[in-house]
Each structure stands twice: as structure tokens, then as C-alpha cells.
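Computed from the coordinates by the stated procedures, all read-outs in this text should not be read as laboratory data. Just so it is clear, the model here is predicted, and its values are computed rather than measured. All Cβ positions, even for glycine, are placed from backbone atoms using ideal geometry, and neighbour counts span all protein chains on display.
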Amino acid sequence: MLTLMLLLPWIPECGRTAQAGPTSDPQERFKGIGVILVIDAVRDAEMEQVVIYDDRGMEIYAKSRVTRRNREIMALGGTRIPLTVRIVWRKGAGWDKINEIWNEGVVVGDYVIAVVDRIPNEVLKEIRAHGGGLRLKFRLKPDGVLFGWDIERAAPLGDVSIFRMPGGDFLETRY
């Protein structure tokens, strides 16, 4: 009886842990789904020294110049989808020949974008049922960042990809 009374304070915690389960982890929704990053800029815009960080502060992308013409498509390594991303770009960065140091320039864009919460469950169900990869698309513009997604699949015939279920701030699948 004394042992039972000593364990009584921990019994509610055991129930809470069981209720939380795997569904409380936002990453669980994306288990087994491959992710592709697509990064570009709106027409006639050019962003310099672009860096994208995940919600843990880890750098997942960096490029000296992002424009519409030099769109980047790449696999997101690892099995973790960022909860949010922070996208930063600068102006005037470069080598200072006089002081012989790297000049970081001035931050002209600094935006945090929600990712995981915006992807609909229907998109993930479609990928699990019919295959494909989830594309996370970030389009930079001078006053912000547009975020979109779609499903990329290989076409039945040929080397061309097909794109399904676009969503987000823009719906373009072909550029």
C-alpha cells in the first residue's frame, strides 16, 4: 500500500505520455516522404548572399545570387522537414581589398516562413497512395517570400516530370 501511494504522483504523467504518442510530433506526418527544394526569385529581382536556415538554425541552402533564371532544384537531405525556415539575403557583401576581410554587407531581407503546418494532409496522403516527392518551393521577392508546394512524379512515358496538387502562395508548377 505504501509503494502504491509513493507512485501515485507519477500515474498522471504516464497517462499523458501515452496520450501524446507519435501524432504529437509534427515530423511524424512526413515519415517516408522525400522532399525537394525549389528556390528562385520573381521576375526582374535579384537577391544576393541568400541563406536559408531551418527552425534549428541549421543552414540548408546558400547561394551568392538568386534570380528567376538561376532557379535551384535540389533534394533536402536527411529525414526532417523544417517546421519553419528563415530566409536572409544581403546587399553589398564581398571582399574588402583595403582591409583584406570579408564584408558581410547589409541585411535587406529577413523572413521566417511556416512550412510543416501549411502542407495539407491530403497532399501527403496522395504521395503515400501514388508515390512522388513533395516539392517545397520558395520564391523570393524584394518585399518578402512566397511559399508553395506540389507533388513531383515521373511521367509514365519519357523523362519529363509531372506535378500535381499545387498549393500555397503561388500555383505555378512549370517555370
**OP:** Would you mind checking which residues have amide H under 5 Å from Gly105's amide H? H placed 1.01 Å from N; only 5 or more apart, or other chain.
**Re:** Gly94
Subject >> Spatially close lysines, pair count over the chain: Cα under 30 Å, gap of eight or more or interchain >> reply: 10
**OP:** Starting from the Cα of Arg128, step 7 Å along the direction of its Cβ; do the same at Asp110; then give the gap between the two resulting points in nm.
**Re:** 3.9
Original post:
Which one is right for this structure if volume of the Cα convex hull per residue in Å³ is calculated from it: (i) 186; (ii) 114; (iii) 122?
Top reply: (i)
**OP:** Give the value in nm², to one decimal: projected area of the alpha carbon convex hull of region 85-175, averaged over all directions.
**Re:** 8.5
Subject >> Among Val108, Val66, Val160, residue whose mean-square fluctuation peaks in a GNM of the chain (springs only between Cα atoms under 10 Å) >> reply: Val160
